[in-house]
Amino acid sequence: MVNTNRIAEIGSLVGEPARASILGALLDGRALTARELAGVAGITPQTASSHLSRLTMAGLLKVEKQGRHRYHRLASPDVARMLEGIMQLASTNTTNARQKLVVGPRDAAMRMARSCYDHFAGRLGVAITDGLIAKGAVEFDDESGLVTPSGLELLHRVGIEVGETSLHHRRSSRPLCRPCLDWSERRHHIAGRLGAAISTHYIENGYVRRIGSSRALAITPHGRIALREMFGVRDLQ
């Protein structure tokens, strides 16, 4: 049964501007310190620590200690999915029906390719998804995704490992493949363990690189070759 008090608590936490900035900064999957997050939100480290404590107690963040430092990250992919959904709603311009509808980030680099927690979003994420669907490697409905046997062979051939894939194996509660609605493209990209595996493979092999401290990603020349050879993605603009 849904606890309405819990819904109100989460809404209140996410709705405060500084906390919204903190959560947004963590959407790329990285773990950041209170001082780094304070800089993002434009608040003092002391104020940031108070916000982080509340977000952690509510189960939206988790803390990792390494030496003298404490690093904060989103608690789960479900939290990232919730934030992406809120961003999708918030990006819709409803003030004037006659105005041209502008959705998603205005930054061209963010629209092209960005990290969505631990998987790719933007035109890059959608293009990879389209390529895998065209090859018969994945199948989607509105709520779930399936990696086909030929898809598993393709992924193994290009060096992308997604771990245990048996339908009867329950080692991980996280789905292997699911659709995630892209809030700038308004189409689905791949999330779940497959989305994370593709992202990890591309970053580790230098096919994409981070742009500064933002969520935006740049596709390298080797990455464009890999996209064409692995997934049939051409002329990504």
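The values are calculated or read from the model by the stated rules, or taken from the named source; none is laboratory data. Every value quoted in this text rests on a predicted model; they were computed, and no experiment measured them. No Cβ is skipped: glycine too gets one built from the backbone with ideal geometry, and neighbour counts run over all protein chains shown.
Just name the residue that is surrounded by the most Cβ atoms within 10 Å (Cβ to Cβ) out of those in segment 30-61 that are in a loop (DSSP other than H, G, I, E, B) and in contact (Cβ under 8 Å) with a residue 12 or more places away in the chain. Step by step, filter segment 30-61, then rank; the result is Leu60. If you check Gly192 against the conditions, is it more than 19 Å from Leu227 (Cα to Cα), touching a strand residue (DSSP E or B) at 6+ places or on another chain (Cβ under 6 Å) and at pLDDT 90 or above? Yes; evaluated as a whole, the condition is true for this residue.
Take Leu13 and decide whether it is within 19 Å of Gly85 (Cα to Cα) and surrounded by 14 or more Cβ atoms within 10 Å (Cβ to Cβ). Yes; evaluated as a whole, the condition is true for this residue.
Of the strands (runs of 3 or more DSSP E) contained entirely in segment 173-225, those carrying at least 1 residues that are over 23 Å from Gln88 (Cα atoms) fall at 208-210, 217-219.
Within segment 17-26, one or more residues are surrounded by 17 or more Cβ atoms within 10 Å (Cβ to Cβ), aliphatic (A, V, I, L, M) and touching a strand residue (DSSP E or B) at 6+ places or on another chain (Cβ under 7 Å). Can you pull out every residue in segment 119-172 that is on the phi > 0 side of the Ramachandran plot and modelled with pLDDT of 85 or more? Correct list: Gly122, Gly136, Gly159.
Of Gly136, Gly122, all but one fail to be surrounded by 14 or more Cβ atoms within 10 Å (Cβ to Cβ) and not basic (Lys, Arg); the exception is Gly122.
For segment 1-29, a residue qualifies if it is assigned to a helix (DSSP H, G or I), among the hydrophobic types (A, V, I, L, M, F, W, C) and in contact (Cβ under 8 Å) with a residue 12 or more places away in the chain, and the qualifying residues are Ile10, Leu13, Val14, Ala18, Ile22, Leu23, Ala25.
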